[in-house]
Amino acid sequence: MNTPISWIKAYVPDLDVDIKTFTDEITLSGSHVEGYVERDKNLEKIVVGKIEKIEKHPDADKLVVCQVNVGAETIQIVTGAPNVKEGDLVPTVLDGGRVAGGHDGSPLPEDGIKIKKGKLRGVESFGMMCAIEELGSSRDLFPEAPEDGVYVFPAESGVKPGDDAIEALGLHDAVVEYEITSNRVDCFSIIGMAREAAVTFKKKFVPPVIEVKGSGGNVNDYASVEVVDTDLCRRYCARVVTDLKIGPSPKWMRDRLAAQGIRSINNLVDITNYVMEEYGQPMHAFDLDTVAGHKIVVKRAKDGDKFTTLDGQERTLDSEVLMINDGEKPIGIAGIMGGENSMVTDSISTLLFESACFDGTNIRLSSRRLNLATDAASKFVKGLDPNLALTAINRACQLIEELGCGKVVDGVIDVYPEPVSEKTLPFEPDKMNALLGTDISKEEMLDIFERLELKYNSADNTLTIPTFRQDLLCMADLAEEVARFHGYDNIPVSLPHGESTAGKLSYADRIAGIARDIAESNGFSGAMGYSFESPKVFDKLLLPEDAKERKAVSILNPLGEDFSIMRTVSLNGMMTWLATNYNRRNKYARLYEIANIYIPKSLPLEELPIEKQVLTLGMFGDGDFFTLKGVVEELLEKLAIVDGVSFEPGSSRPYLHPGRQAEIVKGNLKLGFIGQIHPEVGDNYDIKADCYVAALDMELLTKLSSFDRKYEGVAKFPAITRDLALVMDKGIFVGEIEKVIKKTGGKLLESVKLFDVYEGEQVGEGRKSVAFSLTFRDKTKTLEDKDVTTVVDKLLEQLKGMGIEIRG
Amino acid sequence: MTIKERLEQISKENLAKIAGSSDVASLNDIKVAILGKKGELTQVLKGMKDVAPEDRPKVGQLVNEARAALEQKLEEKMKEINRRARAEKLKRETIDVTLPGTRKLIGHRHPNQIAVEDLERVFIGMGYEIVSGPEVEYDRNNFELLNIPANHPAKDEQDTFYIQRSASGESRDDILLRTQTSSVQARIMLEASDPTKDRQLPIKILSPGRVFRADEVDATHSPSFHQIEGLVIDKGITMADLKGTLAQFAREFFGEKTKTKLRPHHFPFTEPSAEVDITCFKCGGKGCRVCKGSGWIEILGCGMVHPHVLEMCGIDPEVYSGFAFGIGLERITLLKYEIDDMRLLYENDTRFLGQF
C-alpha cells in the first residue's frame, strides 16, 4: 500500500510533521512503513524561469544561449535542449542549486548533481533549465513533458517567473509505502490511512463530504439487478450515468493516480481507479447499451462454462466462480475481471456502475483456480465492509458530476438482503489494563476510541464498533487499539511473577548434546539439510523395488521432484554433502547430522508418520571403517550402552560394501548400522573416495542410556596377565573369539585386549594370527597361577573346537 | 704438629681442592681422600687413642667440626656442579616455540545449532522448559487452534506444503508440513488442559524446530528453515511481562546495551501483537550495513495469546493469560555471523563449517 503524503493531508489538513516523524510515528501506531520516497529529494534552488530571448551559440551548432527571467533577475543560460522557445516557462536551477539526476533517466545518484555556473564552449552559463528526468520524475507522471528536452509548464498552470518550480510541479511530496496487516482491510485505502494518521497525530480527520446532486429520472427505469447467490454477494449497488463525455481527467486526479503508480486513461476509468484507491472499494463500469435486457443477474457459473475476459483470454469456469450476467449471458467474473463483451469504449453513452461486496474467500479461491490476479480481486479477498459499497458508488457519482463527465440518474439500486449491523462490545478498562500491565485512565481509553470512531454508550457501558472495523471482536482487540495509540513504548516493563518453573532441556536433548560433543571431538562437524528429497534417491542408494524404505510420505504440492518425498533414510543428505566437499577438492571431510527420518505407519497416511531422530556420521579421506567404529564405540560407552552390544557382520544393506558393514545391536534391539559406502553408490554421487557412514537411532540410544555410575574400589590384589597368540582361518571374526573368551573367562577375567592381527607367510595362506592380552584378577584375594591356568586351558580347549590353535 | 694444627691443615688443603674441582668424579675422589676408610680425617680419628682422655671430648669436637665443614662444602660444590650441568643440558634442549602446535582434528557445531543452544541457554536461565513437536502436523495444530480456520488468507501467505487433504476442501484433519513452530503452542496447551496428562499450568516453554514453506531456494529463502517458539501461560501474565521478558532476552543474547522496541503488528493467534526490533548488535544503533542504516534490526514476532486460542485449547481466558513469541533462527544466524547467503547453511562445506 502506497500513499502520497499530499493525499493524506487532503483529509488531515492540520497534519504538520516532517516525513521522518510521520513514518516513525505511524509505524509505532501500527502501520509499518517499509520505505518512502521524497519526491523533492536533492531538488534545490529550482524556480520557474521565463525564456526571454534565444540566440545562437557562437562556437557550437547544437547549443543556444538563452536569457532567462527568474523573477529577481534575468540570467544567461546555455542549453542543448532542442525544444526551447522564447516565452516558455521552464523549471530552472540556479547557480549552487541541485538536481536529482541526469536527463537520460538513468538511476539517480545518492546525492544528486550540484549545478554551478560555468562556461560552455566559451560562453558563460549561470544555471540550467531542467528536463523532467533531471527532477527525479518521469513522463509516466508528467505525460505532457517532451520525450527529449526541458519541461515546459503548460499555459493553464498559471506559474510566473521566480515561483518555486518544485511546488508548482507538486513535487514537495513523499510517497510512503506501508506493510498493512491482513486484519486491517480498512487501511488498504487512502481514507483508512488518513484516519490512522489523524488518530496517531491527534489531528482532525476530514473525509470528503459525499453528495450526489442527481439529474432526475429513476434508476429503476434504466436497469434491474437480481442476486441469485446471496451467499457470495452480500450487497450489490448499481447506479446509472447518462450523457457520458469521455475525455481526460483533471491534472490533480492524474497526479494522485500517478503517485499511486496508476496511469491515467480517461475520466471514467480514472474515477473508478481513484475511488478504489481512496476508499478501497473496487467498482466496475458496464456499457448499459451492451447489457441485454438492461438486467444484471449475479449467480454462479456452471462447470466447464467458457468466458472471455476483457484481456482477450478465454477462461474455463467452474460452479464456484461467481459471474455477473445480463439478461442473456455472462458479462463479467464477479470481483475479478469484466468480460470482453461488455467492455466500455469511448463511444459509450450510458453507463451502469457496479459497487458490490463479494465473498472474500470465494474470490480468493476463484482467482487462484483461474490463475487470474487483479487489483480488484486483491481488494475483495480481504473481505470488504458491505457498507462501503454504497459510499463508494456515491463518491464515484459525485466525481462524475464534479468532473462534468455525465449525468447521474437519481436513485440507487441496492440489493442488500441482510444488512450488517454495528457490533457492540463491553467497555472493560480494568480488564484491558490487566492484560496490558498498564494503568491507563478510562478517559484516555475513551478518547482513543472516540478518535477511532467507536461510539461510547454510557447507559450500558458499551462501545459501538463501526462496520469498517471488522477486526474488532473482543476485549483483546480493543486493548490493542488502546495500546498502540497509548504507545507500545509507554507500556511498562516487568517479568512474569507467578509460580516459578524449572528451566531445563529434555533428556533427549541432553543425549543429542553428548552425541554432538563426541562427534565433534572426533573431527566431525555438524551438518544441516532438508527433510524432503527426490524419490530417485532410492535408486541412487541401490534399494530394490520392494525395499521398505521406498514407502515414503509424499508431498502433494512439492517445489519439484527433488523435494517431493519425506526422507526415510538419512544417507542421501550425507552423501550429497560428502560429494560437495570431495568435488570442491577438500582432502577429507567428516560430518554428522542429527535430524529426522519420516516413517509412515500406513500409506496413504491415516495419522502422523513416525519421526525418528537419527544420528548420521559420514566421512572420507583420513581414516577408515575402524576410525568411524571407534567414534560409535566411544559414544555408546559414554552413554553406558555397553553390555550386550555387538557389531554383527552383515550384508543386507545394498548401499554398503557387502563385506564391510555391520549391524549395531544390543540384544534384539537394532541401534543402527555402520559400513563403507558401496562404490556404485559412490559413483552415483560422483565421489571417488571411500566413504564410511554410520547411522544410529537416537530415540533408542536415549532410552538405553544411563548416567548411573557406581564407584568400584581400585583393585587391591595383583592381576595376572596372559598373552595368547592364536592361529585360525581368515574367515573367523575376532568378535566371535572375544565372545568365547569373555564367556569362558568368567568372573576372574578382568579385560581382553586385542593387540595384534597378522596375515602372511609365517601363518600360511588363508590363515591369520590374532594376539590377545588377557588380564585376570580376583577382587577378594591374591590370584594364584594355577587358578588362571585352569581357566586358560579350558579356553584353549574351547577354541580348539572352533579350529583355532595356539601359535607355536 | 698438634691435632688441632693437623685438622686446620687438612681443612685448609681440602677446602681449596673442593673449590678447585669442576666435576662430580674429582669431587668424589676428594670425599674418599678425606672421609674414606683411609681418608685423612679418618686417620686423625684413629690417632685419638693417643690423646689424653681429658682432652678427647675437645679434640672430638674439633674433628667433628672440621668434618662437618668439609661435608657441607662438598655438598654445596656437588649441587653447584649439578646445577651447572643441568643448565647446560637445558640450554641444549632449547626448541623453536614458534613452530605450530600438534593439533587433533576437531569438528565444529553448525552455526544454526550454536545459535539454538545460545538461545536455549538464555531461556533455560529464565525458567523455560525446552520442548519439541512433530514436523509433520495436523492442520488443527498448525492452523485451526491458532485462530486460522479453513480458508483463512493467512494460509495462503504461508505457502503450506500439504501431505494430505480431505476430498472436500480444507479440513482440520489435513496433514501438512508445519509452517510454524507455533503448532507446539497448541499441543502444549491442550496437554496442560487435559487432566489425564502430566503437564499442568503454568506453562513456560521454548520450542525450537524445523518448519517448512513453499519458497524456492535462494540467498534469503529456503523451503525448510527453523523457528523458535516461546510460550508463557499463567494467571496475571501481562504485555508488560512480555516486554520485560524480551528485553531481558535481548540483553543476554545480544549484549547488555541492547535496546528493544515493539511495533504493533498482526498475528491471528495473538492480540495485541507486535514485531520486535533491537538496536543493531553490529553498530549499536548508529546505522551500518547489517541494519541497512536504520540502527534497528527486526528479530521476532510476539503478542498476548488470543483469548479465543486459549479457549480452543481448553484454557479459561478469564483466569489465565499468556504471551507467545516466535524467532526466525536462520535470520539470527545470518545476521550474527554476517553470512550473506542462506544456501551456505545447507551445503555443509567443511571450509564453511570450520569457521564456527
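Under 5 Å between amide hydrogens, built in the peptide plane, is the criterion, and for A:VAL297 it picks out A:GLU226, A:ASN325, A:ASP326 among residues at least 5 positions away or on other chains. Backbone N atoms of segment A:243-286 closer than 17 Å to the 7 Å Cα→Cβ label point of A:VAL37 belong to residues A:254-264.
Projected over every direction and averaged, the convex hull enclosing the alpha-carbon atoms of chain B yields 36.5 nm².
Using θ = phi - 60° in the Karplus curve 6.51 cos²θ - 1.76 cosθ + 1.60, the 3J(HN,Hα) couplings for segment B:62-67 round to 4, 4, 4, 4, 4, 5 Hz; x is entered for Gly and Pro. In segment A:361-417, taking the dipole from charged Cβ atoms about the Cα centre, the farthest positive-side position among A:SER367, A:PRO386, A:ILE413 is held by A:SER367.
Principal-axis analysis of the Cα atoms of chain A puts helix A:625-638 at an angle of about 90° to the longest axis.
Kindly provide the Kirkwood hydrodynamic radius of segment A:720-806 in Å, to one decimal, from all pairs of distinct alpha carbon atoms.
On the way: mean 1/r = 0.0746 Å⁻¹.
Every distinct Cα pair counted, the radius reaches 13.4 Å.
Just report the Cα centroid separation between segment B:262-326 and segment A:421-455, whole Å. Answer, in whole Å: 22.
What GluC sites (Glu not before Pro) does segment B:230-320 have in DSSP loop regions with at most 16 other beta carbons within 10 Å?
B:GLU256, B:GLU318
Between A:THR230 and A:ASP375, the contour length at 0.36 nm per residue exceeds the alpha carbon distance by 49.9 nm. When A:ARG584, A:ARG300 are compared by accessible surface with a 1.4 Å probe, the order from highest to lowest is A:ARG584, A:ARG300. Considering only B:SER26, B:GLN72, B:ALA87, and ranking their Cα positions along the charge dipole of segment B:3-92 that arises from unit charges at the beta-carbon of Lys, Arg, Asp and Glu, the one farthest toward the positive end is B:ALA87. When the charge dipole of chain A is built from unit charges on Cβ atoms (+1 for Lys and Arg, -1 for Asp and Glu) and taken about the Cα centre, the candidate among A:ASN586, A:PRO208, A:MET283 whose Cα reaches farthest toward its positive end is A:ASN586. What the Kirkwood sum gives for the protein assembly as shown is a hydrodynamic radius of 38.2 Å, with every pair of different alpha carbons counted.
In this structure the amide hydrogen of A:THR462, modeled in the peptide plane, comes within under 5 Å of the amide hydrogens of A:PHE427, A:ASN457, none closer than 5 places in sequence on its chain.
If R0 is taken as 25 Å, the Cβ-Cβ distance between A:ILE610 and A:ALA547 corresponds to a FRET efficiency of 0.90.
Solvent-accessible area of A:PHE205, all protein chains in place: 40 Å² (probe radius 1.4 Å, heavy atoms, ligands and nucleic acids excluded).
For the listed residue pairs A:LYS710/A:LYS753; B:LYS12/B:LYS46; A:LYS204/B:LYS286; A:LYS540/B:LYS104; B:LYS155/B:LYS286, the alpha carbons are over 26 angstrom apart in A:LYS204/B:LYS286; A:LYS540/B:LYS104; B:LYS155/B:LYS286. If only the Cβ of Lys and Arg carry +1 and only the Cβ of Asp and Glu carry -1, the dipole of the protein assembly as shown around its Cα centre is close to 6440 debye. Estimated at the nearest 10 Å², the accessible area of B:VAL24 is 60 Å² with a 1.4 Å probe. A:ASP624 exposes around 70 Å² of accessible area when a 1.4 Å probe is run over every protein chain in place. Would you please state which residues of segment B:1-35 a label at B:GLN43 would reach in this model, taking the label point 7 Å out along Cα→Cβ and a backbone N cut-off of under 16 Å? Under cut-off, by backbone N: B:1-15, B:30-35.
Candidate cross-link partners of B:LYS292 among the aspartates and glutamates, defined by an alpha-carbon separation under 14 Å and a same-chain spacing of 8 or more, comprise A:GLU34, B:ASP277, B:GLU338, B:ASP340. Taking the protein assembly as shown as a whole, the Cys residues whose C-beta sits 4.7 Å or farther from every other Cys C-beta are A:CYS66, A:CYS130, A:CYS187, A:CYS233, A:CYS237, A:CYS357, A:CYS397, A:CYS405, A:CYS474, A:CYS691, B:CYS302, B:CYS313. Would you mind getting me the FRET efficiency between B:TYR162 and A:ASN583? Use the beta-carbon distance for r and R0 = 22 Å, nearest 0.05. With a Förster radius of 22 Å, E is 0.05.
Taking R0 as 60 Å, what's the FRET efficiency between A:LYS730 and B:ARG199 from their Cβ-Cβ distance, rounded to 0.05?
Numbers: r = 58 Å, r/R0 = 0.96.
After rounding to 0.05, the efficiency reads 0.55.
Would you compute, from DSSP H runs of 4+ residues alone, the mean residue ellipticity of chain A at 222 nm, taking -39500 (n - 2.57) per run and dividing by the full residue count, rounded to the nearest 500? List each step's numbers first, then the result.
Numbers: 21 runs with 210 residues, N = 808.
Computed mean residue ellipticity for chain A: -7500 deg cm²/dmol.
Around the Cα centre of segment A:273-385, unit charges on the Cβ atoms of Lys, Arg, Asp and Glu (plus for the first two, minus for the last two) sum to a dipole of about 480 debye. When the pairs A:LYS703/A:LYS794; A:LYS716/A:LYS742; A:LYS202/B:LYS243 are compared against a 32 Å limit on Cα-Cα distance, A:LYS703/A:LYS794 fall above it. Computed from label points 7 Å out along Cα-Cβ, the spacing between A:ARG139 and B:ALA68 is 12.0 nm. The magnitude of the dipole of segment A:720-806, with charges of +1 and -1 set on the Cβ of Lys/Arg and Asp/Glu and taken from the Cα centre, is near 460 debye. Sorting A:LYS548, A:LYS41 on solvent-accessible area from highest to lowest, probe radius 1.4 Å, gives A:LYS548, A:LYS41.
Mind pulling up the Rg/Rh value for segment A:219-415? Radius of gyration and Kirkwood radius, both on Cα. Write down the numbers at each step before the final one.
On the way: Rg = 15.6 Å, Rh = 16.6 Å.
Rounded to two decimals, Rg over Rh is 0.94.
Coupling constants for segment A:603-614 follow from the phi torsions by the Karplus curve (6.51 cos²θ - 1.76 cosθ + 1.60, θ = phi - 60°), and in residue order they are 10, x, 4, 10, 9, 5, x, 7, 9, 10, 7, 10 Hz; glycine and proline get x. Subtracting the Cα-Cα distance of A:ASP148 and A:ILE514 from 0.36 nm times their residue separation leaves 124.6 nm of extension gain. In the full protein context, chain B carries 48 Å² of accessible surface per residue, based on a 1.4 Å probe and ignoring ligands, DNA and RNA. Listed values for segment A:596-601 are Karplus-derived 3J(HN,Hα) couplings in whole Hz (6.51 cos²θ - 1.76 cosθ + 1.60, θ = phi - 60°), namely 8, 10, 10, 10, x, 6, and x replaces Gly and Pro.
The values are calculated or read from the model by the stated rules, or taken from the named source; none is laboratory data. None of the values given here were measured: they were computed from a predicted structure. Positions of Cβ are generated from backbone atoms using ideal geometry, with glycine treated the same way; all protein chains shown enter the neighbour counts. Surface areas here come from the heavy atoms of the whole protein model, side chains and all, with no ligands, DNA or RNA. Shrake-Rupley method; radii C 1.70, N 1.55, O 1.52, S 1.80 Å.
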